[in-house]
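Here the structure is laid out as structure tokens; the discussion comes afterwards.
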There are 2 protein chains.
Amino acid sequence: MFPIRNQKRNCTDTDKIQHFLEHADTGFLGLSSEDVPYVIPLNFVWLNDAIYFHGADEGRKVTYIEKNPMACFTVSANYGTITSPIPAKTDTAYMSVIIEGSLLRVTDINEATEAMQVMLNKYVPGYYERSLGKSHLERYVSPLGSKTAIYKLNADSLSAKEKEVILDRMFYEGRTIHTDRA
Amino acid sequence: MFPIRNQKRNCTDTDKIQHFLEHADTGFLGLSSEDVPYVIPLNFVWLNDAIYFHGADEGRKVTYIEKNPMACFTVSANYGTITSPIPAKTDTAYMSVIIEGSLLRVTDINEATEAMQVMLNKYVPGYYERSLGKSHLERYVSPLGSKTAIYKLNADSLSAKEKEVILDRMFYEGRTIHTDRA
């Protein structure tokens, strides 16, 4: 019998997707201007069915967003390469989520404060004793003179894929998983 | 004095970039069709100043490439979030490389064999006793009836950035690095 049972499929487990997006470190924001694609790695949070991130309010990213707010945000985790000696077969286990929609600049102070608090909780949990004050966020949402902007990508569409690899017996050697049929 | 010295800069160390691209697990391919961006996570190899990857010769990715071969390929590593109690400051250390150019389908059997051998060496080192034979690759490069395609992205431009965070003293707690000024 074939020792590896692969399942490459669309993932519809909402809790699993939610957990994945809440814990993944880095997302990749895809933009396009005059059909020239651009992909930027970002820290982010997933909150109320939207991606939030912040960044300098200048540069190529902002120029692209101003020309075309359509975006694709991709998050992927690679769970390792799997090999099976019989038959000679290699494969990769992963989970990935692709979110598409339009980017908006966040101008509501309450929304900005909540998103940035969730970002602190995600990346530096328990580090700050006090919650973020709104006054701290005012410069992020001000239309004038702001050097930092908070953006939001509403998920008009979300697709998740995962490939689970179930082995008869597994041995982890570093990041490579080998099967052992002996 | 400020305890964290940040250096966010363009990286021009060719050896460092080379090593980074040769060892990173996952790259994110950005495509665009009619200004709709699309970002796909991929296994890949970096060889002779080009990105090589393979995949099914069907689906949205192929449709996009056929309409518009322009691509942006981004690879990023997150080395952890850094916090410093005085002053309250958090930051992320990372390295990222963005490669831009046009995608080509690889039709040369020797080039395809070399690229796929380098891919095996990267993802499953030492796993296959024998090198890949050209006959194994013929179906990948055949213009007729192929279900798998190998693509190449020549690096018309490459930009690398890194942010090194140098701390006075560092303590690793999970993925979070704290400074201790005591």
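The values are calculated or read from the model by the stated rules, or taken from the named source; none is laboratory data. Everything quoted here is computed from the prediction, not taken from an experiment. Counting neighbours? That spans all protein chains shown, and the Cβs are built from the backbone with ideal geometry, glycine included.
Residues considered: B:Glu58, B:Glu34. Of these, the only one that is among the acidic types (Asp, Glu) and modelled with pLDDT of 95 or more is B:Glu34. Summed over segment A:16-65, residues that are within 14 Å of chain B (Cβ to nearest Cβ), more than 27 Å from B:Glu34 (Cα to Cα) and among the acidic types (Asp, Glu) total 1.
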